[in-house]
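The values are calculated or read from the model by the stated rules, or taken from the named source; none is laboratory data. Since this is a predicted model, take the numbers as computed values, not measurements. Ideal geometry is used to build each Cβ from the backbone, glycine not excepted, and the neighbour counts take in all protein chains shown.
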Amino acid sequence: MNSTTVQTITRIFGRDGGGAKALLQTMEEETQMLPDGSRTVRVVSAPDSDGRPQPSRHEIAETKKISQDVEDENNRDAPQHQWRSSSRHPN
């Protein structure tokens, strides 16, 4: 991490069958500001049957500044072998 990088972790909670609070989804997003735009890596995870987070979606968004007021954004899914585990971040 540095002064041009922002990391955001969003956790969505709900209720399980017994009414207890349960983690439903985690979204980790890391945005790096570049001289000509930005690059965002987003990983969405959901708990498996043992409650451990498992990545279910991985996206990369690259934004290029075309002019002062116009940006072009390119979104794509990353191949699964490039996914990083969301369990690297403590709760």
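The set of residues in the range 2-38 that are under 20 Å from A61 (Cα atoms), charged (D, E, K, R) and modelled with pLDDT of 95 or more comprises E28, E29, E30. Scanning the range 19-34 for residues that are of a type in the set (V, I, T) and under 19 Å from Q54 (Cα atoms) yields a single hit, T26. Comparison of R52, R57 shows that the only residue that is in contact with a helix residue (DSSP H, G or I) (Cβ under 9 Å, 6 or more places away or on another chain) and not β-branched (V, I, T) is R52. Scanning the range 49-71 for residues that are farther than 20 Å from R11 by Cα, surrounded by 11 or more Cβ atoms within 10 Å (Cβ to Cβ), over 13 Å from the mean Cα position of the chain (by Cα) and not β-branched (V, I, T) yields E62, K64, K65, E71.
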